[in-house]
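First up is the structure itself, then whatever we jot down about it.
The values are calculated or read from the model by the stated rules, or taken from the named source; none is laboratory data. Keep in mind the model is a prediction, meaning the values are calculated, not measured. Reconstructed Cβ throughout: ideal geometry from the backbone, glycine too, with neighbour counts over all protein chains shown. For the accessible areas, the whole protein counts, side chains as well, though only heavy atoms, and no ligand, DNA or RNA atoms are used. Shrake-Rupley method; radii C 1.70, N 1.55, O 1.52, S 1.80 Å.
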Amino acid sequence: MRSSNLYERFSRTFREHPSLSRSFLAVFVLSGGGLVAYSVANSAKYDDVGNQKKKVVVLGTGWAGTSFLRNLKNPMYDVQVISPRNYFAFTPLLPSVTVGTVEARSVVEPIRNIVKKNKVNINFCEAECFKIDEKNKKVYCRSTKDEKEEFLVDYDYLVVAMGARVNTFNTPGVEENCLYLKEVEDAQKIRRKVIDCFEKASLPNVSDDERKRMLQFVVVGGGPTGVEFAAELHDFVSEDLVELYPSVKNFVKISLLEATDHILNMFDKRITSFAEEKFYRDGIDLKTGSMVVKVSDKEISTKEIKTGKMSTIPYGMAVWSTGIATRPVVLDFMKEIGQANRRVLATDEWLRVEGTNNIYALGDCATINQRRVMEDISSIFEKADKDQSGTLTVKEFQETVDDICDRYPQVQLYLKNKNMSSLVDLLKESKGDGDAVKEVNVDEFKSALSQVDSQVKNLPATAQVAAQQGSYLADCFNRMDKCEKRPEGPIRFRESGRHRFRPFRYKHLGQFAPLGGEQTAAQLPGDWVSIGHSSQWLWYSVYASKQVSWRTRSLVVSDWMRRFIFGRDSSQI
Ligand code: FAD
C-alpha cells in the first residue's frame, strides 16, 4: 500500500512536471521502461472576453493533422479532431515493426496525450468522416465502433488531413491476397504472417515444393517503403530466423518486383546502384521492369515491360507497396466542389482547397496547384509598371522582384538552376544586350520569364512535407487576426492589396533509405550523398529525435538496444 502510494506520487510529479521526466530519460531508456501519461479533455466555447470561439474541425491524426494540432497556440479556436485512429503513428518505423526490430506500441502516441498540454481547447472523436458538406459547413461522421452511430459536426474552418489509401491500380487479386504496409495493423499482420509461413513450412508432412512456395516472400514496389521492408525482412531471416528454423533455411527467398528499370527512383543514382548491388550480394531477387498483372491466392503473374513475356511466381506472402491513391470520401468532396477532373485534391499555395473559402487540405490527401507565372504575366507587368509607361525600368522591376519570387517559387528555382543571382540577370540574358539593359516592354518581359514555369514541381507525399504543412497552417491560424489587419504576404497581382500570409514553402531536409545490415543511404540537401554504417547512426539519431514524445523516444531506443542484445522476437502472438 505504502509503496503504491509512493509510486503514484512519483508518477504524478513526473506528469505534472514534464521537464523532470526529460532529465530522467536516460535512466528510463537504460532500464527499458516507459513514461505513462493520461489525457485530459475539456470543452469551452467562449474566450475570456465572451467572444464565441471559431470552430475548427481537423480530419485525421497523421503527420499533417498532428503537426497542425501540436503547433496551434491561439486559444481563440475550439477544435474538434475526428479520426478513426486515436493515435499518431510514426510511419517511417513501420518497416521495422513488420519484423519486430521495433514494437508496434513504441511507434504510436495517443492523440489525447499529444494535445493535452495545448492551451487550445481540443476535443477528439474516434470516428471517420464519410461526407464533407461544403455548402452547409458540416462534416458527416460515423463511429468506427458502431457504423449506425452517425453524427454531424459543423465548422467555421475545416482542415482535411486524411492521408491517402493504397493504390492497387485495380490489379486483379491484390486486395484479396496481398498485405499492405500503410498502417500499424498492416505491419502487425506482416509480422504474424512471416512467422506463420516459417511455422507452416516446418511441419513434417509438407512437400519441398510447398515449402519453397511458403517461404517465397514477394515485395511489390521498389520505392523507399518496399526497399526498406525487403531489407528488414532479409535481416530478420539472416540474423534471427535461420538459427531458429535451420531445417527450412535453404528454401527462403525474397523477391522484389519493380515495374520501372530501377529501384529507389527518387534518389540519387549512386544510391540506386548501391542498393541494387547490395540486394544482389544479399541474395534478394530483384526483378526490375516487371509489372504485376494478377495475384491469385498462391501465385503472382507478372509481365516483362520490354518483352511482354508473362511469368508466374508462387508465393507464401506478398506485400503490395506501390504508392497511394485518393480516398473515396475525398473524391466525392472533389466532385462537389468542381474538382472532378483531377486525381488529387488541389489547394492553392496557402493550402486552401481551390473552390472553397475556409477548407484547408494538407499532407498526402492534397497537392498544391502552383500558380504559373505565365498565367499572370500581364498583371505582373502592369503592377510592376508603376508609372504606367508601358515599359518596365530596372528600378521598377527591382521593387517588385521580392513579391514575384515570394508568389512564384519556380522563379527562384529557375534562377538557381541557371546560376543567376537575380531576375535582372534573366532580363539581361533574354535581351542579350549585357549590362546595357535599362527597361523592357511587355513582350520582352514575357519572353524573359517564358521558361520559369518549367520548374513547377509537385511535392512528394512524405511525412516531411505533411509535417511542415501542418506547422505552417497552424502558424497562419495563430496569426489570423494579426495578418488580417497587417497582411504580410506578397502583392496580389490580379487584385488589389496583399495576401494575408506568405505562401507555404517546403524545406527539404534530406531523405534516408535504410538498406539492411546496419547500412543506410542518406541524401541530404545539396545532393550530398552518404552510404554505409555512418549514415545508419545518423538515421538512428534523426529518427530518435523526431519522435513526438519522450515516451516513444525512450521506447524506440530501448527496442533498438534490445534487438542488439537479444535479437528480434519470433513469437507468433
Ligand atoms: P497519414 O499520416 O496517413 O494520416 C492520415 C490520417 O487520417 C490518419 O490518422 C487516418 O486515420 C485519418 N483518416 C483516414 N480516413 C479518415 C476519415 N474518413 N475521416 C477522418 N480521418 C481519417 N515519409 C517520410 O517523409 N519519410 C519516411 O521515412 C517515410 N516512411 C514511410 C514508411 C511507410 C511504411 C509509410 C506507409 C509511409 C512512409 N512515409 C514516409 C510517408 C508518410 O508516412 C506520409 O507521407 C504521411 O503519413 C502523410 O501524412 P498525412 O497526415 O497526410 O497522412
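Quick look at the numbers
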| item | result |
| --- | --- |
| SER422-HIS262 FRET efficiency (beta carbon distance; Förster radius 45 Å; 0.05 resolution) | 0.75 |
| Space enclosed by the convex hull of the alpha-carbon atoms of region 214-309, per residue, Å³ | 106 Å³ |
| The chain - mean residue ellipticity at 222 nm from DSSP helices (-39,500 (n - 2.57) per run, n ≥ 4, rounded to 500) | -11000 deg cm²/dmol |
| Heavy-atom accessible area per residue - the chain, 1.4 Å, Å² | 49 Å² |
| Of all DSSP beta bridges in the chain, antiparallel share, percent nearest 5 | 55 percent |
| TRP528, TRP560, ranked by accessible area, largest first (probe 1.4 Å) | TRP528, TRP560 |
| Length released on extending from ASN51 to ASP133, taking residue separation times 0.36 nm less the Cα-Cα span | 26.9 nm |
| List LYS278, LYS335, LYS145, ordered by accessible area with a 1.4 Å probe, largest first | LYS145, LYS335, LYS278 |
| Cα-projected label distance for ARG342 with HIS533, points at 7 Å along beta-carbon direction, nm | 4.9 nm |
| Reachable aspartates and glutamates from LYS119, criterion Cα separation under 17 angstrom, eight or more residues apart if same chain | GLU16, ASP47, ASP48, ASP78, ASP475 |
| Simple spin-label estimate for MET76 and ASN358 in nanometres, 7 Å along Cα-Cβ | 1.3 nm |
| Length released on extending from ASP332 to ASN250, taking residue separation times 0.36 nm less the Cα-Cα span | 24.5 nm |
| FRET E, pair ILE573, MET480, Förster distance 60 Å, beta-carbon r, rounded to 0.05 | 0.80 |
| Pairwise FRET efficiency - GLU176 versus LYS117, Cβ, R0 = 35 Å, nearest 0.05 | 0.20 |
| Whole-angstrom Cα spans of region 155-259 along principal axes, big to small | 64, 29, 24 |
| Percent accessible area from carbon and sulfur atoms, the chain, protein chains only, probe 1.4 Å | 50 percent |
| Area of TRP350 that stays accessible when all protein chains are in place (1.4 Å probe, Å², to 10) | 30 Å² |
| Alpha-carbon gyration tensor eigenvalues x 5, square-rooted, for region 470-573, Å | 43, 19, 10 |
| Sum of side-chain charges, ASN123 neighbourhood, beta-carbon under 10 Å (Lys, Arg +1; Asp, Glu -1) | 0 |
| Mean Cβ neighbour count within 10 Å, used as a protection proxy, ranking 562-568, 284-290 highest first | 284-290, 562-568 |
| Whole-Å distance, taken between Cα centres, linking region 157-184 and region 302-343 | 9 Å |
| Fraction of beta bridges assigned by DSSP in region 53-170 that are antiparallel (%, nearest 5) | 45 percent |
| Centre separation in Å (Cα based) which lies between region 346-392 and region 457-528 | 16 Å |
| Listed pairs LYS182/LYS212; LYS131/LYS182; LYS45/LYS116; LYS416/LYS546 exceeding 21 Å between Cα atoms | LYS182/LYS212; LYS131/LYS182; LYS416/LYS546 |
| Residue-by-residue Karplus 3J(HN,Hα) for region 484-498, coefficients 6.51, -1.76, 1.60, Hz, glycine and proline x | 5, 6, 10, x, 10, x, x, 4, 7, 6, 9, 10, 9, x, 10 |
| Added length on full extension, which subtracts the Cα-Cα distance from 0.36 nm per residue, LYS294 to GLN398 | 31.6 nm |
| Spin-label pair GLU185/SER471, simplified geometry with 7 Å Cα→Cβ offset, distance in nm | 3.1 nm |
